[in-house]
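Engineer: Just dropping this structure here.
Every number in this text was worked out from the coordinates using simple rules, so none of it is lab data. All figures in this text were calculated on a predicted structure; none of them were measured in a lab. Glycine gets a Cβ as well: all are built from the backbone with ideal geometry, and neighbour counts include every protein chain shown.
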Amino acid sequence: MTAVPSAASHPAAPARAVLDKLREAGAVIDTGDDWISLDMQGKRLKAVSVRTAPYPAFPTDMQAQFIAMNAIAEGAASVTETGVREPFPSRAGAGASRREHRDSRQYRVDARCAKLRGAPVMATDLRASACLVLAGLVAEGETLIDRIYHIDRGYECIEEKFQQLGARIGACLTPAAVLPARPPEP
């Protein structure tokens, strides 16, 4: 008797929810033991709504990338992050302070134009940084992302990986990032 591997043991299984949403956006996807191929076949992306949840559902770590994708896709969609347990301060009368929690956060994207314009932007965290990189790669003109240490913290050699795909991307020192020279010793 031969064992048949389950679909869950396939190398692409952890990415199944993401791949399913990319298919919904119009991508033709094929997978192998150590590769994933995606082809839009010349078609424009369709906006897709996603709702994050624990594995095996759609991962929170991919929400920023889908916000960037939906910004240039055809149609409108929402990205809903569930399970957020972030405190929000509020006033509880008579000067007392109280903290409330919100259980989900929703981002709505309605793409009314097919292109983005490059601009100077600032990375504020790892997930937002991924969104800015993707948006910058598809934007017309140059995008300069400040505070890239957020990107470097979570994406090893991101410039090289995108360059291998044909992107024009690189890290650079800006005047604000250059430290002043040390004064000469007396």
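Engineer: Could you estimate the translational diffusion coefficient of the stretch 115-171 from the Stokes-Einstein equation, with Rh from the Kirkwood formula over C-alpha pairs, at 25 °C and 0.890 mPa s, in whole µm²/s?
Structural biologist: 217 µm²/s
Engineer: Which lysines, on any chain, are close to Lys46 with Cα under 24 Å apart, when same-chain ones fewer than 8 places away are left out?
Structural biologist: Cross-link targets: Lys21, Lys115.
Engineer: Modelling each spin label as a point 7 Å along the Cα-to-Cβ direction, I'd like the Gln163/Arg117 distance in nm, to one decimal.
Structural biologist: 3.0 nm
Engineer: R0 = 22 Å: FRET efficiency of Thr60 with Cys172, Cβ-based, nearest 0.05?
Structural biologist: 0.15
Engineer: Taking H as built 1.01 Å from N, whose amide H comes closer than 5 Å to the amide H of Phe58, not counting residues under 5 places away?
Structural biologist: Ala53
Engineer: Quick one: dipole size for the stretch 115-171, taken about the Cα centre, charges +1 on Lys/Arg Cβ and -1 on Asp/Glu Cβ, in debye to the nearest 20.
Structural biologist: Value, rounded to 20: 180 debye.
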